[in-house]
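The values are calculated or read from the model by the stated rules, or taken from the named source; none is laboratory data. Given the structure is predicted, the values throughout are model-derived calculations rather than measurements. Don't worry about glycine lacking a Cβ; one is built from the backbone with ideal geometry, like all the others, and counts go over all protein chains shown. Calculation scope for accessible area: heavy atoms of the full protein, side chains included, ligands and nucleic acids excluded. Shrake-Rupley method; radii C 1.70, N 1.55, O 1.52, S 1.80 Å.
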Amino acid sequence: PPVVLYQGDPDLIDRYVKPTIEQGWTSYTAIAEESGGSDPARAIKTTARLVKGGGEAGGDEWVLTGRKMWITNADRARFGVIYARAPGGISAFVVDSGLPGMTVRPIPVIRDHWPTEVVLDEVRVPAANLIGEEGKGLSLASGWLVRGRLTYAARGVGVAQEAVRLATEWVRDRQTFGAALATRQAVQWAIADSQVEIDAGRLLTWRAAWEDDAGRDARLSAAKAKLYCTELGFRVVDRMIQLLGAMGVARELPLEGWLRDLRVARLVEGSSEMLRSQVARQVIGPAVRPSAG
């Protein structure tokens with residue numbers, strides 16, 4: 001289940017967390033909108049208003065209106081966590097799938113699975129489905145972002161390592177001009193450079209994971225790991241495709257699919273450019289921020 005749910009009250013944990021674990025429910029998290037996802041404090045336009053006594057048996061309800069974009073799993077999930085702008089600030093709500101006023105549409109992209117658009121037209125959810133306090137949604141999301149970025153970082157390292165393994169087997173066996181490809185210096189250097197980058201990415205990911213496990217603020221370390229590892233994964237897979245030649249882009253091998261997935265990974269959970277800005281603010285300081293004028 002979404003990590004933020006563990007910060008909900010016991011009723012939410014009983015209704016959503018436990019069934020997700022025990023019965024394998026699928027869920028999603030919806031923050032991004034068409035106006036952007038890297039700066040949710042400004043980008044979120046979806047609204048939530050509280051209606052007193054408007055629900056079943058006279059209970060209070062939140063009414064959500066807006067559009068969420070690039071949402072994974074919303075077309076097959078049992079429920080989702082949706083972030084919306086309430087009177088007290090951005091807040092997180094548990095929303096069951098299939099409610100009146102909710103529409104989910106697939107968005108075709110270059111990956112082998114598609115994200116979705118979630119349209120909310122006066123969707124009503126019980127007041128008890130607010131996670132934590134009103135206005136605290138973004139602070140709840142920070143832990144989820146760390147875990148999400150570490151997942152993408154680890155995936156980049158793992159895919160890159162497997163791509164090197166596949167290419168290494170190929171260049172050992174492939175003969176050109178009377179010698180194995182593995183004897184060519186250009187091939188050796190491509191594999192050597194890739195392995196060094198993989199090792200560096202693995203250490204960045206381990207450090208960020210260690211900080212998070214230790215209860216430290218791992219947001220910056222996770223940003224560095226996600227930035228470096230998704231970029232290195234894309235570079236390494238691209239290099240290994242080059243070594244395999246035409247076979248590298250053949251669909252009977254996974255390399256071309258990995259390349260597409262890693263291209264998307266450089267955009268989601270914080271684009272590479274946004275993460276670079278985050279790191280630059282740490283190094284340079286407040287001067288990085290543009291002036292209001």
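Some notes on this structure:
- Test result for Leu255, hydrophobic (A, V, I, L, M, F, W, C), within 25 Å of the chain's Cα centre (by Cα) and open to solvent by 50 Å² or more (accessible area, probe 1.4 Å): no
- Subset of the stretch 63-74 (residues that are at negative phi, within 17 Å of the chain's Cα centre (by Cα), open to solvent by 20 Å² or more (accessible area, probe 1.4 Å) and not β-branched (Val, Ile, Thr)): Met69
- Members of the stretch 85-120 that are open to solvent by 40 Å² or more (accessible area, probe 1.4 Å), outside any loop (DSSP other than H, G, I, E, B) and among the β-branched types (Val, Ile, Thr): Thr103, Val104
- Residue satisfying all of: in the stretch 258-289; over 15 Å from the mean Cα position of the chain (by Cα) and among the small types (Gly, Ala, Ser); surrounded by the most Cβ atoms within 10 Å (Cβ to Cβ) among these: Ser277
- Flag for Arg235 being at pLDDT below 95 and touching a helix residue (DSSP H, G or I) at 6+ places or on another chain (Cβ under 8 Å): no
- Unmet criterion (only one of (1) touching a residue at least 24 places away in the same chain (Cβ under 8 Å); (2) open to solvent by less than 30 Å² (accessible area, probe 1.4 Å); (3) over 16 Å from Ala163 (Cα atoms)) for Met240: (3)
- Residue in the stretch 121-143 that is within 30 Å of Gly233 (Cβ to Cβ), open to solvent by less than 40 Å² (accessible area, probe 1.4 Å) and part of a strand (DSSP E or B) present: no
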